[in-house]
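Computed from the coordinates by the stated procedures, all read-outs in this text should not be read as laboratory data. Treat the numbers as computed from the prediction; the structure is a model and nothing was measured. Heads up, the Cβs are rebuilt from the backbone with ideal geometry, glycines too, and the neighbour counts pull from every protein chain shown.
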Amino acid sequence: MKLNKPNSPFYRWWNSYTGRRIVTATYSLGASVVIIGALFKILHLPYANVVLGVGMMVEAFIFALGVFDKPYREYDWSKIFDFKAEKPLDSTQLKGGGGAILKGEGV
């Protein structure tokens, strides 16, 4: 299924590197405010409801804007890997690699 991509300035910003960085930072900040608000509630400190409410509103806003995320590409891994193989590859069947060869008991 091919999706038509909107070409609005907001959509381009939202899926840009800068936009993703800002959204991630805002999401993390909102989560930290929620955790601090929960701590305020547990300790019965003043303004606990306000702090928790602000953090939850930021989280809800970011989640609502998540509908503008670009869908991830899905790959058909069965074209690359044989998932129906009877037995796993033996080490003699593997080619290339390189890597270190250890002699003795090792460390």
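By the gyration tensor of its Cα atoms, with a ≥ b ≥ c the square roots of the eigenvalues, what is the shape of segment 27-71: rounded for a/c under 1.5, prolate for a/b over b/c, or oblate? Prolate, since a/c reaches 1.5 and a/b exceeds b/c. Sorting 28-37, 73-82 by average packing, meaning the other beta carbons within 10 Å per residue, from highest down gives 28-37, 73-82. The length gained on full extension between M56 and R12, counted as 0.36 nm times the residue separation minus their Cα-Cα distance, comes to 13.2 nm. For the pair Y72 and R20, the difference between a 0.36 nm per residue extended length and the Cα-Cα distance amounts to 17.3 nm.
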